[in-house]
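Asks: Sharing a structure here in C-alpha coordinates format.
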Amino acid sequence: MINPQQVEAMIKAELPDAQIQVQDLTGGGDHYQVTVVSSQFADKGLVQQHQLVYGALRQAMSTEAIHALALKTYTPAAWEATAAS
(Lines give C-alpha, C1' and ligand atoms only; values in the text may rest on other atoms or scores of the structure.)
Protein backbone atom coordinates (compact mmCIF):
# COMPACT_ATOMS: atom_id res chain seq x y z
CA MET A 1 0.00 0.00 0.00
CA ILE A 2 1.13 3.52 -0.81
CA ASN A 3 -0.35 6.77 0.50
CA PRO A 4 -1.28 9.87 -1.51
CA GLN A 5 1.69 11.84 -0.18
CA GLN A 6 4.07 9.15 -1.44
CA VAL A 7 2.42 9.21 -4.87
CA GLU A 8 2.82 12.99 -4.98
CA ALA A 9 6.47 12.80 -3.89
CA MET A 10 7.30 10.23 -6.57
CA ILE A 11 5.80 12.45 -9.28
CA LYS A 12 7.51 15.58 -7.88
CA ALA A 13 10.86 13.80 -8.06
CA GLU A 14 10.47 13.52 -11.86
CA LEU A 15 8.41 16.66 -12.50
CA PRO A 16 9.63 19.19 -9.91
CA ASP A 17 7.42 22.04 -11.14
CA ALA A 18 4.25 19.95 -11.08
CA GLN A 19 1.08 20.83 -9.24
CA ILE A 20 -0.43 17.52 -8.18
CA GLN A 21 -3.76 16.38 -6.79
CA VAL A 22 -3.99 12.78 -5.63
CA GLN A 23 -7.27 11.09 -4.69
CA ASP A 24 -7.48 7.60 -3.21
CA LEU A 25 -10.54 6.22 -5.00
CA THR A 26 -11.23 3.21 -2.75
CA GLY A 27 -9.53 4.01 0.55
CA GLY A 28 -7.33 0.96 0.07
CA GLY A 29 -4.21 2.81 -1.05
CA ASP A 30 -3.94 1.12 -4.43
CA HIS A 31 -6.50 2.84 -6.71
CA TYR A 32 -5.74 6.49 -7.43
CA GLN A 33 -6.92 9.37 -9.52
CA VAL A 34 -4.11 11.84 -10.13
CA THR A 35 -4.24 15.27 -11.75
CA VAL A 36 -0.87 16.71 -12.78
CA VAL A 37 -0.18 20.19 -14.13
CA SER A 38 3.36 20.68 -15.45
CA SER A 39 5.19 22.90 -17.92
CA GLN A 40 7.12 19.77 -18.95
CA PHE A 41 3.96 18.62 -20.78
CA ALA A 42 4.25 21.49 -23.28
CA ASP A 43 4.61 20.29 -26.88
CA LYS A 44 3.82 16.71 -25.83
CA GLY A 45 0.77 14.68 -26.75
CA LEU A 46 -1.49 13.12 -24.14
CA VAL A 47 0.21 9.72 -24.40
CA GLN A 48 3.65 11.27 -23.88
CA GLN A 49 2.36 13.26 -20.90
CA HIS A 50 0.97 10.10 -19.31
CA GLN A 51 4.20 8.24 -20.02
CA LEU A 52 6.11 10.85 -17.99
CA VAL A 53 3.83 10.28 -15.01
CA TYR A 54 3.87 6.50 -15.39
CA GLY A 55 7.67 6.70 -15.52
CA ALA A 56 7.68 8.51 -12.20
CA LEU A 57 5.46 5.83 -10.68
CA ARG A 58 7.10 2.86 -12.42
CA GLN A 59 8.39 1.20 -9.25
CA ALA A 60 5.10 1.48 -7.36
CA MET A 61 3.17 0.16 -10.34
CA SER A 62 5.55 -2.73 -11.04
CA THR A 63 5.28 -3.96 -7.45
CA GLU A 64 1.49 -3.47 -7.64
CA ALA A 65 1.55 -0.99 -4.76
CA ILE A 66 -0.58 0.98 -7.23
CA HIS A 67 -3.07 -1.33 -8.90
CA ALA A 68 -5.09 1.27 -10.85
CA LEU A 69 -4.29 4.80 -11.91
CA ALA A 70 -6.60 7.32 -13.57
CA LEU A 71 -4.60 10.24 -14.95
CA LYS A 72 -5.48 13.76 -15.97
CA THR A 73 -2.56 15.81 -17.26
CA TYR A 74 -2.46 19.47 -18.23
CA THR A 75 -0.01 22.14 -19.25
CA PRO A 76 -0.33 25.27 -17.09
CA ALA A 77 -2.13 27.06 -19.96
CA ALA A 78 -4.58 24.19 -20.46
CA TRP A 79 -5.22 24.06 -16.70
CA GLU A 80 -5.95 27.79 -16.62
CA ALA A 81 -8.35 27.39 -19.54
CA THR A 82 -10.12 24.55 -17.71
CA ALA A 83 -10.37 26.57 -14.50
CA ALA A 84 -11.74 29.60 -16.40
CA SER A 85 -14.60 27.67 -18.00
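Asks: Label 7 Å along Cα→Cβ of Y54; segment 65-80 residues with amide nitrogen under 18 Å?
Replies: 65-74
Asks: Can you tell me how the chain classifies by the Cα gyration tensor, rounded, prolate or oblate, using a/c under 1.5 as the rounded cut?
Replies: prolate
Asks: Please list the non-local residues whose amide H lies under 5 Å from the amide H of Y32, H modeled 1.01 Å from N, same-chain partners needing a gap of 5 or more.
Replies: Those qualifying (amide H under 5 Å, at least 5 residues apart or on another chain) are L25, A68, L69, A70.
Asks: Let me ask something else. Calculate the spin-label point distance for H31 paired with A77, positioning each point 7 Å from the Cα along the beta-carbon direction, and give it in nanometres.
Replies: Computed distance between label sites A77 and H31 equals 3.7 nm.
Asks: Follow-up. For the chain, what is the accessible area per residue in Å² when the probe is 1.4 Å?
Replies: Per-residue value: 59 Å².
Asks: Once the piece of chain linking S85 and D43 is laid out straight, how much longer is it, given 0.36 nm per residue of separation minus the C-alpha distance between them?
Replies: Contour length minus the Cα-Cα distance gives 12.9 nm.
Asks: Just to be sure I understand: of the beta bridges DSSP finds with both ends in the chain, what percent are antiparallel, rounded to 5?
Replies: DSSP beta bridges in the chain are roughly 45 percent antiparallel.
Asks: Here is a further query. Long-range amide H contacts for T73: which residues qualify at under 5 Å (H placed 1.01 Å from N, peptide plane, sequence gap of 5 or more or a different chain)?
Replies: V36
Asks: Once you keep just the Cα pairs under 8 angstrom separated by 6 or more residues, what percentage relative contact order results for the chain? Can you show the working numbers first?
Replies: Values: 119 pairs, mean separation 28.1, N = 85.
For the chain, the relative contact order is 33 percent.
Asks: Count the net charge of all other residues whose Cβ sits under 15 Å from the Cβ of T73, scoring Lys and Arg as +1 and Asp and Glu as -1.
Replies: -2
Asks: Quick one: with all protein chains in place, what share of the accessible area of segment 4-58 is carbon or sulfur, to the nearest percent (1.4 Å probe)?
Replies: 47
Asks: I would also like to ask the following. Can you show me the helix-derived [θ] at 222 nm for the chain, built from DSSP H runs with n ≥ 4 at -39,500 (n - 2.57) apiece and divided by the number of residues, rounded to the nearest 500.
Replies: Values: 4 runs with 36 residues, N = 85.
Mean residue ellipticity at 222 nm (helix-derived): -12000 deg cm²/dmol.
The values are calculated or read from the model by the stated rules, or taken from the named source; none is laboratory data. What you are looking at is a predicted structure, and each value in this text was computed from that prediction instead of being measured. Heads up, the Cβs are rebuilt from the backbone with ideal geometry, glycines too, and the neighbour counts pull from every protein chain shown. These area figures cover heavy atoms from the full protein model, side chains too; ligands, DNA and RNA do not enter into them. Shrake-Rupley method; radii C 1.70, N 1.55, O 1.52, S 1.80 Å.
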